[in-house]
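Read through the structure below, which is laid out as structure tokens, and then see the notes.
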Amino acid sequence: MNLRECYATLEIHENADKEKIRQAYRDLVTIWHPDRYQGNPRLQEKATEKLKELNTAYDMLMAHGPANRNHLPPRQEAPQKQADKNTGPWSRQSAAPLQKKHPFVVWIILLAAVAVTALALYHRWPFPLPGKTGQGLIASDRSSVHALAAYGFDTEQIVELQQALKLMGYDSGPADGKLGPKTIRAAQQFAMEFPVDREGNHAETLLAESSRQASIARVHTSWRTMARSREFQNWIDSQTVTSPDVCRDVLASGTVSQVVNLIDSYIFDREKPEPKELPPTGIIEKRFYRGMAPLKIKSRNEGRHFFVKLLELPEQKEVLSTFIRGGEMLKFRLPLGVYALKYAVGSTWYGTQWLFGSDTVYGRIEKDVAFTVEDNEISGYSIELYIKPMLLSKHARDYAFDF
């Protein structure tokens, strides 16, 4: 995949900056994450392939995109080459000739070598010792390579696992498709830091969870360190509007976009960014060439403003985002089709990353809008947006709402 294809995959212009690339990636991951299609194996398989394309395009643009080269953080260096076979603890060193007049020295040296070798094998080698039984992938450092092979990993899956672990900062060795000691130890460490359910097919669970966590790390590169920090755990425990249990459920089983929303909220509370100038009413971004079906959206003047997204169904593909100030109206045209309308509401604007900050309230119109042609007439809609009092009284950021 070349850079031009990467931009096309993320559906952005070739002059897009870092923030645009990141935002486009997040939006498309929201649409194409396989978790959304668990009831449809065909779409889930399609989403899995699409997610791989998105990850590849994102990594290449973040590393080589010409529009971002001057203000992107440096990409992690490639893994070090494998150490020379004649170095390290397993190398054979040439020994000086032994003196015949001290034969007991030979036995002392041999016994010491055997002891050191046995100790090294006990602590470092991934094969089980006699009398020991393997307890699965994350049981201990002595888990068996043969036991792991029984889970049914193929070469492509191992490479995928190694790449995900490497992205998160684990030393999983080269992505060679082999379950070597480094890959096993990295997987064990990952499973301890990000608990993996041992029920059912553990191999599939490990691959799915490592892929999910790696997708989060692509958006927030410090996610692994953040997730283990006491500051982040204290922030989770201190949540009052949205309960700590809801936050933990999102971290344990939420989609990538839901976890990213939770992390964004944490970073917002920690960094406290400055408010931005309120955008004028109008279209922020559209992803279609021409529309013909009229849509009018009006908001009530209640001191709150709306950031609106329109998603084409059934693919849930975002085609339009707009900003509508309180008490104002926006007219535009859409291609024929069926759309879902979602919105975020608030008073103080912090940009498309933070929206309206901790005061953001989310919603969705209950009925999807369908634009069709009947008797040579194109259907149109007029929608008025307002916030129900129950939402304002609740005033909770719903991380389970997939905006």
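Taking 0.36 nm per residue of separation and subtracting the Cα-Cα distance, full extension of the segment from Gln233 to Lys178 would add 16.3 nm. If R0 equals 25 Å, the separation of the Cβ atoms of Met292 and Gln316 corresponds to a calculated FRET efficiency of about 0.70.
For a footprinting-style exposure proxy, rank Arg290, Arg22 by other Cβ within 10 Å, fewest first.
With the fewest neighbours first, Arg290, Arg22 line up as Arg290, Arg22.
By the beta-carbon count within 10 Å of each Cβ, the least crowded to most crowded order of Lys317, Lys296, fewest first, is Lys296, Lys317. Going from the residue with the fewest nearby Cβ atoms within 10 Å to the one with the most, His33, His64, His220 rank His64, His220, His33. In terms of the mean number of neighbouring beta-carbon atoms within 10 Å, the peptides 268-277, 1-10, 231-240 order highest first as 1-10, 231-240, 268-277. If the chain linking Lys272 and Arg42 were pulled fully straight, counting 0.36 nm for each residue of separation and taking away their Cα-Cα distance, it would gain 78.5 nm.
Close amide H partners of Gly351, meaning residues 5 or more places away or on another chain with modelled amide H under 5 Å apart, are Lys276. Spin-label model, Thr56 to Ala203: label points 7 Å out along the Cα-to-beta-carbon direction sit 2.3 nm apart. You can think of it this way: the chain between Thr225 and Met329 has 33.0 nm of extra reach, that is 0.36 nm per residue less the Cα-Cα gap. Note on region 282-394: antiparallel DSSP beta bridges, both residues inside, total approximately 85 percent of the bridges counted. In this structure, the pairs whose alpha-carbon distance is over 22 Å, taken from Lys20/Lys298; Lys20/Lys367; Lys50/Lys367; Lys309/Lys367; Lys52/Lys286, are Lys20/Lys298; Lys20/Lys367; Lys50/Lys367; Lys52/Lys286.
No lab work stands behind these numbers, since they all come straight from the coordinates. What you see is a predicted model; the values in this text were computed from it and never measured. Quick reminder, even Gly has a Cβ in these numbers, built from the backbone with ideal geometry, and neighbours come from all protein chains shown.
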